[in-house]
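In what follows, a structure is listed as structure tokens, so that the remarks can point back to it.
The values are calculated or read from the model by the stated rules, or taken from the named source; none is laboratory data. Here the structure is a predicted model, which means the values were calculated and not measured. Cβ placement follows ideal geometry from the backbone for every residue including glycine, while neighbour counts extend to all protein chains displayed. When the accessible area is computed, the model is the full protein with side chains, heavy atoms only, and any ligands, DNA or RNA have been set aside. Shrake-Rupley method; radii C 1.70, N 1.55, O 1.52, S 1.80 Å.
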Amino acid sequence: MPEILLRGGEAAYTLRTATQGDIAQVAAIDVSITGIEKPGYWEDIHDRYVRQPAEDTGLAHLNRLFLCACQGETVIGFIVGEIRAWEFGSPPCGWVFAIGVRRDLRTRHVAQTLFQAACDSFRAAGISIIRTMLARDNTLAMSFFRSQGMMAGPFIQLEMELQPS
Amino acid sequence: MKLQKATRCALFAILELAADPGRQMSAHEIADKYGISTNHLAKVLRSLGRAGLLEAVRGAGGGYRFSGSVKRTTLLDVIQLFETIDPLARGEREDGDDTKAGAALCQVLTEIEDIARATFASISLETMLKVVEKKG
């Protein structure tokens, strides 16, 4: 996506597609929120959500996006998503599976701006539903998504522990 | 899922007053709008006042006004003043819970409790007022 300037003055930040050079900062924001190091994960996300779609037009229908909010060269937030289709009969929908904002900048509507940019991108691709999945005890993220208008959907997440064979 | 009458009264009153924090309303006005007992609501309003969510305005034309935070107060904060929505998580036990079938039933009911609790905890009054607004 083209770089977009948001808000003026000292609080100004831009929104743009993530670059290879953003990965370390994205990973640092993620660790500050989740407390979990994920070696190689963000490099892989950048590879699949930025590099590959840029080189292979056959992936365009997936509308993969990995956006960063930046102040100059400093990444202050990010969001990752894509279009998923026909999982257990679900028509194409936008999926957001990662969002993060630097803790010291959480009152500047950065997450809201990133989320709305993802919504706009999916909407432009003809999508009318956006979904996410998060831990029940992640009250901060759940409150954020609900504040954006998200409610429980018709799908439910199930899991089980795999016993050793 | 069904909430107790006092909880519903509390949520109606809080949402009514939080929609316009500068406005004050009497128990009678709120009760009249939602078709609930004024006496019952009056007790609920006193509880909400003790919790710091409402402020009583004395004198002629007095009533209650919202004094909490619409961003920080969640539905769970209000509900928990009047009832427990997750009795199993709080250690409440019933006959038969020590059997295998009872333990299995507890597991399923705990799953439902967890979802209910997470749902109420994630909805602030500000978010709920947006949902109310969408209802036209």
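Output the number of the condition that A:G81 fails; it satisfies all remaining conditions of (1) out of contact with any helix residue (DSSP H, G or I) (no Cβ under 7 Å at 6 or more places or on another chain); (2) under 23 Å from A:A60 (Cα atoms).
(1)
Filter region A:108-160 down to residues that are among the charged types (D, E, K, R) and modelled with pLDDT of 95 or more and give me whichever is nearest to B:V132 (Cα to Cα).
Checked region A:108-160; the qualifying residue nearest to B:V132 (Cα to Cα) is A:R146.
Are any residues in region A:111-165 touching a Leu at 6+ places or on another chain (Cβ under 9 Å) and touching a residue at least 12 places away in the same chain (Cβ under 8 Å), and if so, which ones?
A:T113, A:L114, A:A117, A:A118, A:S121, A:F122, A:A141, A:F145
Can you name the residue in region B:113-136 that is part of a helix (DSSP H, G or I) and open to solvent by 100 Å² or more (accessible area, probe 1.4 Å) and is also nearest to A:I156 (Cα to Cα) among such residues?
Checked region B:113-136; the qualifying residue nearest to A:I156 (Cα to Cα) is B:K134.
Could you please tell me which pairs satisfy a Cβ distance under 6 Å, a separation of 6+ or placement on different chains, a first residue in region B:101-124 that is within 12 Å of chain A (Cβ to nearest Cβ), and a second residue that is in a helix (DSSP H, G or I) and open to solvent by 20 Å² or more (accessible area, probe 1.4 Å)?
Pairs that qualify, where the first residue is within 12 Å of chain A (Cβ to nearest Cβ) and the partner is in a helix (DSSP H, G or I) and open to solvent by 20 Å² or more (accessible area, probe 1.4 Å), are B:A121/A:T139; B:S122/A:T139; B:S122/A:M142; B:S122/A:S143; B:S122/A:R146; B:I123/A:R146.
Return yes or no: is B:E92 open to solvent by 50 Å² or more (accessible area, probe 1.4 Å), assigned to a strand (DSSP E or B) and either within 30 Å of B:E16 (Cβ to Cβ) or not β-branched (V, I, T) (or both)? Give the steps one after another, and end with the answer.
Details: open to solvent by 50 Å² or more (accessible area, probe 1.4 Å): yes; assigned to a strand (DSSP E or B): no; either within 30 Å of B:E16 (Cβ to Cβ) or not β-branched (V, I, T) (or both): yes.
Taking the combined requirement at face value, the residue does not satisfy it.
From A:F97, A:F115, A:F144, grab the single residue that is within 13 Å of chain B (Cβ to nearest Cβ), open to solvent by less than 80 Å² (accessible area, probe 1.4 Å) and closer than 25 Å to B:A121 by Cβ.
Details: A:F97 fails: within 13 Å of chain B (Cβ to nearest Cβ); A:F115 fails: within 13 Å of chain B (Cβ to nearest Cβ).
Selected residue: A:F144, the only one of A:F97, A:F115, A:F144 that is within 13 Å of chain B (Cβ to nearest Cβ), open to solvent by less than 80 Å² (accessible area, probe 1.4 Å) and closer than 25 Å to B:A121 by Cβ.
What are the residues in region A:54-94 that are open to solvent by 40 Å² or more (accessible area, probe 1.4 Å) and within 22 Å of A:M150 (Cα to Cα), if any? Working first, answer last.
To start, the set of residues in region A:54-94 that are open to solvent by 40 Å² or more (accessible area, probe 1.4 Å) comprises A:54-58, A:60-61, A:64, A:71-74, A:84-89, A:91-92.
A:R64, A:R84, A:A85, A:W86, A:E87, A:F88, A:G89, A:P91, A:P92 - these are the residues of region A:54-94 that are open to solvent by 40 Å² or more (accessible area, probe 1.4 Å) and within 22 Å of A:M150 (Cα to Cα).
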